[in-house]
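All remarks here apply to the structure that follows.
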Amino acid sequence: MTTAAPSTWAPLRSPVFRALWIAQLVSNLGTWMQTVGAQWMLVDDPRAAVLVPLVQTATTLPVMLLALPSGVLADLIDRRRLLIATQGAMAAGVAFLATLTGFGLTTPAVLLIVLFVIGCGQALTAPAWQAIQPDLVPPQQIPAAAALGSMSMNGARAIGPAIAGALVSLAGPTLVFALNAVSFIGIVAVLIWWRRPPIEHNFPPERALAALSAGGRYIRSSPIVRRILLRTALFIGPASALWGLLPVIAADQLGLSSSGYGLLLGALGVGALLGALVLSRLRSRFGQNTLLALGAGGFAAATAVLALVHDFGAVLAALVVGGAAWLLSLSTLNASMQLSLPGWVRARGLSVYQLIFMGGQALGSVVWGVLAGATSSVNSLLVSAGLLAACAVSLLWWPLHRRTGDLDLTPSSHWPEPTLVFEPEPLDGPVLVLTSYRVAPENEEAFVAAMAVLGRSRQRTGAAQWRLFRSVEEESTYVETFVVRSWGEHMHQHYTRLTGQDQLIEQNVEKYIDGEAQSQHYLAVRDSD
């Protein structure tokens, strides 16, 4: 039994979050309407079977290609300004598409190119959008905020296509594109209204490649984050089968038209909405691993029903359950990821999560499609359901780390100011830091174990290399060494990357040492030749 979780609606008490959530819902509606309008433009083309799926490819491929660069960008510059720029650029791109369509100038090639450009804007938006959530609501409300975000997306998915279908039949796709362009205005207006406090430093910002390397190093050195990413991959790969094969099952097994297929999608959306409504109750009763097991198991059951049952009503009911299970899994994973990343690297970490999510869907869809072609759609779905069930059971061996979402990630400046005889330039380096410790013999085993945890902390915050050495000349004397690639990065390590959790790790080491640890800094000497 866990403590009471905040209500799903709690984040809406924040004026900025509430305004952004409403604006996001409107924008999501516009995005789904645009997708339907774009696909409708291509259905009468002789190459429709090839072109229509490319609409989805044109909008999702940029997210995969730009996931990592967009995460770096969102950590290096002001996220609010980045979002204003990307949302404004996407509005301009959609308005351009509406204008071309109105004048009859939108060929299939032009449509796909413009959609790809708009997709680039979405790729640059996603990590920054998720990374600002902890700036809008307190940490205990992050899971509820993630659920509300999923509710917005799935609600738009449920009703956006229906609205678009009616509008396209009345006025053609031009109106749908124009309305989507207008839908961005709300987000831009709220972001301009929001005054996020600027973060100021007295040293240069990170360089892009160094920032990308630092993000990768943080993930490699964080067992908590690595486990979340593993759980994401284990779920999203098999779960992609239902989304990819749903149109085939709708047409071939259930004999449905496009409107019937829309009802199936709507059932998934309704299920996600219902899941969001009960999420806070479930979080009050169950831990994260139980929620993930329920999500994977529920989606496995929905996938199996889709494969084996030919009754339309039963399939609709199963998809409602599947939609709730989908939201339960993704909101838990997304919230866990946000709560496990400090602010300085949050967007980079979320971009890797996004890459695994989108890449898992894309690769999984291909794998399940090939398997369906070689055997049948039913067999493909049954294999997927089996893997999802195994995903749920595997939580017994590979659960989320017990400290997931329970870390003190508030910025900390507990390192003392180094005493310098000269001022290095930011690009000077590498920097070698030596710290010596004296340890009582009875504490040596516990000290070495605590230092292993400290070593991962050093690597997360900037150390490219870390080692612990034991003196062969002085009893119970140890020297810790770590190398940072530049003086500028070491200053970031000092002043922007340390957290309360890092301080707790260092305090745990201090319990086992005699006296105070002594640190020295060395700068690599360049060959004068």
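What the table shows:
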item	result
Failed criterion for L170 (all others in (1) in contact with a Ser or Thr (Cβ under 8 Å, 6 or more places away or on another chain); (2) assigned by TED's automatic domain parsing to the domain that holds L73; (3) surrounded by fewer than 18 Cβ atoms within 10 Å (Cβ to Cβ) hold)	(1)
Boolean, A91 is part of a helix (DSSP H, G or I) and within 19 Å of A19 (Cα to Cα)	yes
From A372, A307, residue being out of contact with any Ser or Thr (no Cβ under 6 Å at 6 or more places or on another chain), of a type in the set (A, V, I, L, M) and either crowded, with 24+ Cβ neighbours inside 10 Å or part of a helix (DSSP H, G or I) (or both)	A307
Among (1) more than 26 Å from the chain's Cα centre (by Cα); (2) free of Cβ contacts under 8 Å to residues at least 12 places away in the same chain; (3) not in a helix (DSSP H, G or I) - the single one R195 does not satisfy	(1)
Qualifying residue in the range 472-480 (condition: in contact with a helix residue (DSSP H, G or I) (Cβ under 8 Å, 6 or more places away or on another chain), of a type in the set (G, A, S) and outside any helix (DSSP H, G or I))	yes
Selected residue [under 30 Å from L292 (Cα atoms) and either outside the structural domain of I142 (by TED's automatic domain parsing) or in a helix (DSSP H, G or I) (or both)] from S384, S413	S384
Set G93, G102: member being touching a residue at least 24 places away in the same chain (Cβ under 8 Å) and buried (at least 16 other Cβ atoms within 10 Å of the Cβ)	G93
Residue tally, condition of a type in the set (A, V, I, L, M) and touching a Phe, Trp or Tyr at 6+ places or on another chain (Cβ under 8 Å), over the range 398-439	6
Filtered residues of the range 383-435 (kept if among the polar types (S, T, N, Q) and under 25 Å from the mean Cα position of the chain (by Cα))	S384, S394, T404, T410, S412
Per-region count, the range 316-365, residues hydroxyl-bearing (S, T, Y) and not in a helix (DSSP H, G or I)	1
Residue count, the range 492-520 (criterion: in a strand (DSSP E or B) and surrounded by fewer than 16 Cβ atoms within 10 Å (Cβ to Cβ))	3
Conditions (1) at pLDDT 85 or above; (2) of a type in the set (D, E, K, R); (3) surrounded by 20 or more Cβ atoms within 10 Å (Cβ to Cβ); number of the one not met by R81	(3)
All positions within the range 198-238 that are outside any helix (DSSP H, G or I), modelled with pLDDT of 85 or more and surrounded by fewer than 19 Cβ atoms within 10 Å (Cβ to Cβ)	S221
Residues that are over 12 Å from M33 (Cα atoms) and either of a type in the set (F, W, Y) or buried (at least 19 other Cβ atoms within 10 Å of the Cβ) (or both), drawn from the range 173-185	F184
Residue among P134, P138 that is at pLDDT below 90 and under 27 Å from G269 (Cα atoms)	P134
Failed item, numbered, when P139 is tested on (1) farther than 21 Å from N334 by Cα; (2) touching a residue at least 24 places away in the same chain (Cβ under 8 Å)	(1)
Test: residue in the range 240-255 that is surrounded by fewer than 20 Cβ atoms within 10 Å (Cβ to Cβ), in contact with a Pro (Cβ under 9 Å, 6 or more places away or on another chain) and touching a residue at least 40 places away in the same chain (Cβ under 8 Å)	no
Selection within the range 465-476 - touching a Lys or Arg at 6+ places or on another chain (Cβ under 7 Å) and at pLDDT 95 or above	W466
Output for the range 448-464, where each listed residue is farther than 10 Å from D502 by Cα, out of contact with any Ser or Thr (no Cβ under 9 Å at 6 or more places or on another chain) and in a helix (DSSP H, G or I)	V448, A449, A450, M451, A452
A164 being over 20 Å from G215 (Cβ atoms), at pLDDT 90 or above and not assigned by TED's automatic domain parsing to the domain that holds R217	no
Failed condition for T57, given (1) in contact (Cβ under 8 Å) with a residue 12 or more places away in the chain; (2) polar (S, T, N, Q); (3) surrounded by fewer than 18 Cβ atoms within 10 Å (Cβ to Cβ)	(1)
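The values are calculated or read from the model by the stated rules, or taken from the named source; none is laboratory data. Please read all numbers here as calculations on a predicted model, not as lab measurements. Positions of Cβ are generated from backbone atoms using ideal geometry, with glycine treated the same way; all protein chains shown enter the neighbour counts.
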